[in-house]
Amino acid sequence: MEIISLPVETDYSKIDSRYRLVIIASQRARQLMEGAKQTHQSRHAKASTIALEEVLGDELEVLYGKEAKQAQRDAKRLREEMKTRQLLTEREEELASEIRKDLSVYLEEAKRQEAAPPEPVVKEEKEE
């Protein structure tokens, strides 16, 4: 198993401390585990190592302060919207399959009725 050699050297003009580096890399690793696309091909398989490579390679835009909080709120809102859309799609598929099932029952009954010979109509005579 290969890992990035420690200690990690970084340019502290963009990232002010090792603690912030860890926080940023952990947030990126979580994004990668949730399905985010990698910014580059890596020879490593672990999300944490890939995230650290991306942060150290200046491949990510790092936001601070109010911008970071707003970006987090926007990302959370987008995740919730995607989850809602997915749930609605699943529910629509369930309803569609139920409707198809019900319609097939009605169609089968209609075919049986068409195939069956018509019953003779008997008129009752009124007594006078």
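The values are calculated or read from the model by the stated rules, or taken from the named source; none is laboratory data. Predicted model only: the values in this text are computed from it and were never measured. Here the Cβ is made from the backbone with ideal geometry for all residues, glycine too, and neighbour counts use every protein chain on show.
Would you confirm, using the coordinates I've provided, whether Glu128 is among the charged types (D, E, K, R), on the phi < 0 side of the Ramachandran plot and modelled with pLDDT of 85 or more? No. In region 12-41, the residues that are without any contact (Cβ under 8 Å) to a residue 60 or more places away in the chain form Cβ pairs under 6 Å with partners that are of a type in the set (S, T, N, Q), at six or more places apart or across chains, as follows: Ala29/Ser48. Criterion applied to Arg91, Arg112 was being more than 30 Å from Ser17 (Cα to Cα), without any contact (Cβ under 8 Å) to a residue 40 or more places away in the chain and loosely packed, with under 10 Cβ neighbours inside 10 Å, and the one residue passing it is Arg112.
For every residue, the table says whether it meets (1) closer than 17 Å to Gln27 by Cβ; (2) more than 18 Å from the chain's Cα centre (by Cα); (3) in a helix (DSSP H, G or I); (4) outside the structural domain of Gly35 (by TED's automatic domain parsing).
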site: Leu52; (1), (2), (3), (4): yes, yes, yes, no
site: Ala68; (1), (2), (3), (4): yes, yes, yes, yes
site: Glu81; (1), (2), (3), (4): no, no, yes, yes
site: Arg85; (1), (2), (3), (4): no, no, yes, yes
site: Leu88; (1), (2), (3), (4): no, no, yes, yes
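I want to confirm something. Restricting to region 50-72 and keeping residues that are at pLDDT 85 or above and farther than 17 Å from Tyr19 by Cα, which single residue is surrounded by the most Cβ atoms within 10 Å (Cβ to Cβ)? By that ranking, first place goes to Ile50.
Out of everything in region 54-66 that is charged (D, E, K, R) and farther than 15 Å from Ala29 by Cβ, what residue ends up being nearest to the chain's Cα centre (by Cα)? If we take residues in region 54-66 being charged (D, E, K, R) and farther than 15 Å from Ala29 by Cβ, then Glu61 is nearest to the chain's Cα centre (by Cα).
Of the residues making up region 1-38, those that are of a type in the set (Val, Ile, Thr) and modelled with pLDDT under 75 are Ile3, Ile4, Val8, Thr10.
Results for (1) within 19 Å of Leu78 (Cα to Cα); (2) out of contact with any Ser or Thr (no Cβ under 7 Å at 6 or more places or on another chain), shown as yes or no for each residue.
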residue	(1), (2)
Ile23	no, yes
Gln27	yes, yes
Arg30	yes, yes
Ala36	yes, yes
Ala45	no, yes
Ala51	no, yes
Glu54	no, no
Asp58	no, yes
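For region 39-49, the set of residues classified as in a loop (DSSP other than H, G, I, E, B) and at pLDDT 85 or above consists of Lys46 only.
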